[in-house]
Amino acid sequence: MSAIDVITFGCRLNTYESEVMKAEAAKAGLNRAILVNTCAVTGEAVRQARQAIRRARRENPEARIIVTGCAAQTDAASFAAMPEVDAVLGNEEKLKAEHYRALPDFGVSAEEKIAVNDIMSVTESAPQMVSHIDGHVRGFLQVQNGCDHRCTFCIIPYGRGNSRSVPMGAVVEQARRLVENGYREVVLTGVDATSYGADLPGQPTLGLLAKTLLKQVPDILRLRLSSIDSIEADHHLFDLIGGEPRFMPHLHVSLQHGDDMILKRMKRRHSHADALAFAAQVKRLRPEISFGADMIAGFPTETEEMAENSARLAEAIGIAHLHVFPYSPRPGTPAARMPQLDRTTIKARAARLRAVAERLHATHLDGLIGTRQKLLVERNEMAHTEDFTLVAAPGFHPGTLVEVEIAGHNGRHLTFEPAVHAA
């Protein structure tokens with residue numbers, strides 16, 4: 001192992017923060033350490049983190065293992081109780097060198113392993129400057145952290161705290177640094193990115209931030225959003241969708257469900273009709289745009305008809321990249337106290353919705369055959385189109401921009417004819 005290894009689970013924000021963690025731990029003089037940056041979105045994510053911790057200890061018996069991230073923030077004691085774990089840091093502590101310097105010695109009690117503060121007491125999001133995102137050709141850029149909403153299924157606000165934004169000037173500076181280091185695409189990330197700016201002077205929006213970035217950092221070739229809450233989209237964002245070719249034609253929308261009653265019980269702020277109207281407006285502005293979305297199958301009290309409404313919404317919008325999550329109760333959330341469905345039913349409904357997702361994805365792939373697409377080549381000889389469709393790109397180095405003609409697909413990704421242009 002190298003001096004400091006990082007194992008990252010979950011969102012792009014975690015990926016970004018893992019780079020900060022590695023730099024701060026190195027600044028503190030930490031050596032022969034494994035940092036595990038966990039996710040708490042689902043019970044499966046937590047299970048995978050525990051499995052990775054045990055494997056890391058077996059393979060590196062002399063290393064110090066530090067666990068952090070959202071799962072560690074929300075359930076520090078259970079990770080501290082693992083014999084493989086040497087220390088547990090909260091989401092705020094993981095970003096500061098002094099907490100790595102203050103790590104306890106081996107053999108301490110579980111309580112002494114924990115350095116996790118009250119995340120709700122954090123009121124600002126300090127800019128974290130990174131020049132490189134290890135293993136990625138797209139530069140992730142944190143613009144916001146935390147969430148002021150309390151969806152009944154979600155534990156993340158308790159792991160991330162309330163919403164807080166990175167000042168616009170710091171975002172511009174960080175974007176400029178990434179571009180200067182060769183990143184052709186910048187991805188704006190946050191827990192609830194479309195809430196950006198509400199806590200800043202003048203209350204700038206995410207759309208205005210994106211406009212400002214493209215104006216002040218003209219060498220950004222591709223700008224992308226990690227995900228959005230459609231109900232928070234502002235007119236600046238719609239301007240970009242309709243009139244800025246460097247703003248990528250793909251939006252990952254946090255839908256979660258397609259039934260109005262379930263959306264209310266989830267405490268979401270949009271309806272089935274709102275989602276349809278948003279998609280229609282975006283498609284009018286940018287006909288070639290593709291949509292990604294998250295949906296939960298088997299939420300408490302969900303009936304067969306309610307489950308079908310999710311499939312109907314996905315089909316009506318034509319969601320090309322649909323991620324389906326079987327509902328799993330997160331302790332401490334209101335939904336965990338609601339009447340639960342049995343696991344067999346949840347799995348069956350998730351499987352049906354995934355079948356819809358696969359069909360919609362295949363239809364999307366079919367529609368791209370014969371078109372010319374601009375690709376950014378990533379790792380393992382794979383690439384993404386501007387609308388975030390995966391393409392096999394053998395023979396090209398990561399970071400290459402190439403324009404190709406799409407020839408076919410295998411149900412998972414596109415294939416193309418020989419390149420007509422590469423840069």
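The values are calculated or read from the model by the stated rules, or taken from the named source; none is laboratory data. Just so it is clear, the model here is predicted, and its values are computed rather than measured. Here the Cβ positions follow ideal geometry from the backbone for every residue, glycine too, while neighbour counts run over all protein chains shown. For accessibility, only protein heavy atoms count, side chains too; no ligands or nucleic acids. Shrake-Rupley method; radii C 1.70, N 1.55, O 1.52, S 1.80 Å.
Here are a few things to note about the model shown:
- Amide H contacts of Gln142 (H built 1.01 Å from N, under 5 Å, at least 5 apart or other chain): Thr189
- Rounded to the nearest whole Hz, the Karplus-based 3J(HN,Hα) values (6.51 cos²θ - 1.76 cosθ + 1.60, θ = phi - 60°) of the stretch 190-196 follow the sequence x, 6, 9, 4, 6, 8, 3, with x at glycine and proline.
- Of all accessible heavy-atom area on the chain, the percent that carbon and sulfur account for (1.4 Å): 52
- Largest first, the three principal axis extents of the alpha carbons in the stretch 252-347 are 42, 24, 23 Å in whole numbers.
- Dipole of the stretch 192-342, positive direction: furthest Cα of Ala311, Thr333, Ala297, with charges on the beta-carbon: Thr333
- Put simply, the amide H of Leu341, placed in the peptide plane, has neighbours under 5 Å in Thr301, leaving out anything fewer than 5 places away on its chain.
- Highest mean packing first, where packing is the average number of other Cβ atoms within 10 Å per residue, the peptides 336-348, 65-77, 197-209 line up as 65-77, 197-209, 336-348.
- Ranked packing of 353-363, 221-231, most packed first, by mean Cβ within 10 Å: 221-231, 353-363
- Value of [θ]222 nm, deg cm²/dmol, for the chain, DSSP H segments ≥ 4, -39500 (n - 2.57) each, nearest 500: -10500 deg cm²/dmol
- Applying 1/(1 + (r/R0)^6) with R0 = 25 Å to the Cβ-Cβ distance of Arg412 and Gln51 gives a FRET efficiency near 0.45.
- Evaluated at q = 0.08, 0.09, 0.10 Å⁻¹: base-10 log I(q)/I(0), Debye formula over Cα of the chain: -0.46, -0.58, -0.73
- Residues in the stretch 147-155 carry Karplus couplings, in order, of 7, 8, 8, 10, 4, 5, 8, 9, 9 Hz; the curve used is 6.51 cos²θ - 1.76 cosθ + 1.60 with θ = phi - 60°, and Gly or Pro positions show x.
- Put simply, when 251-257, 328-334 are sorted by average Cβ atoms within 10 angstrom per residue, most first, you get 251-257, 328-334.
- Shape call, the stretch 21-100: gyration tensor on alpha carbons, a/c limit 1.5: oblate
- Cα centroid of the stretch 1-72 to Cα centroid of the stretch 338-411, whole Å: 28
- Cβ-Cβ FRET estimate between Arg58 and Lys347, R0 fixed at 25 Å, reported to 0.05: 0.25
- Reachable lysines from Lys22, criterion Cα separation under 19 angstrom, eight or more residues apart if same chain: Lys94, Lys96
- D_trans [Stokes-Einstein, Kirkwood Rh over alpha-carbon pairs] for the stretch 327-423, 10 °C, 1.306 mPa s, µm² s⁻¹: 101
- Accessible area expressed per residue, the chain, with surrounding protein chains retained (probe 1.4 Å, Å²): 42
- Antiparallel DSSP beta bridges within the chain, as percent of all bridges there, nearest 5: 30
- Residues with amide H under 5 Å from that of Ala40, placed H, sequence gap 5 or more: Cys70, Ala71
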